[in-house]
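S.K.: Sharing a structure here in structure tokens format.
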Amino acid sequence: MATELQPIVDTTADDIGFSASFASTLGVDIHNAGVEATKEIFTEKILPQAKALSPVGGHLDPHPGKNRDSIQVSFRDNPETGWISAWLYTESGYGWLIEHGTSHNRQLTKTAIAKRRGKVAANDRTPAQPYLMPAVLQFVAQIAERQRELLEEGA
């Protein structure tokens, strides 16, 4: 993605001007750097952090580490629209329940917290123990920084 500035001297009017030419693949370069940055940050930082934060059951857990070991990341991108996405998910079958928790009082948990008027869902089977979202929030801002670095390296 090279940018060239070439001085042009107009000897007929004794003026000095500049001509600039930009890489015609600028949009593609930006998209590719975004894809690479997203993959790097998700696989090298977010995924390991999510695995580290994943709660592991105690001595009674029949499958200790199963949820942690099943955390995966998936990517999709569309160069035409510029859309880049990454999904962090588990294949354990209960990862979502750990992230969000479960409750006996379904009606109350469907009610927005602001509208519960101080009521708390009784007899929570499993309290929420977020581990995916905190991992994403900790490192997601680094994607744009890494994309900038990749673009500068290619210049």
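S.K.: Distance in nm between label sites at residue 96 and residue 76, each 7 Å beyond Cα in the beta-carbon direction?
M.R.: About 1.6 nm separates the two model spin labels.
S.K.: How much length would be gained if the chain were fully extended between residue 119 and residue 89, taking 0.36 nm per residue of separation minus their Cα-Cα distance, in nm to one decimal?
M.R.: 7.7 nm
S.K.: Ordering 149, 80, 91 by how much accessible area each has at a 1.4 Å probe, largest first, what is the list?
M.R.: Sorted by accessible area, descending: 80, 91, 149.
S.K.: Further, regarding this structure: Using the basic label-point model (7 angstrom from Cα toward the beta carbon), what is the residue 140 to residue 52 distance in nanometres?
M.R.: Between residue 140 and residue 52, the label points sit 2.0 nm apart.
S.K.: Check residue 65: other-chain or 5+ apart residues with amide H under 5 Å from its amide H, H built from backbone geometry?
M.R.: 57
S.K.: Please work out the FRET efficiency for the pair residue 152 and residue 69, using the Cβ-Cβ distance as r and a Förster radius of 30 Å; give the result to the nearest 0.05.
M.R.: 0.25
The values are calculated or read from the model by the stated rules, or taken from the named source; none is laboratory data. On a predicted model such as this, the values are computed, not experimentally measured, just so you know. No Cβ is skipped: glycine too gets one built from the backbone with ideal geometry, and neighbour counts run over all protein chains shown. These area figures cover heavy atoms from the full protein model, side chains too; ligands, DNA and RNA do not enter into them. Shrake-Rupley method; radii C 1.70, N 1.55, O 1.52, S 1.80 Å.
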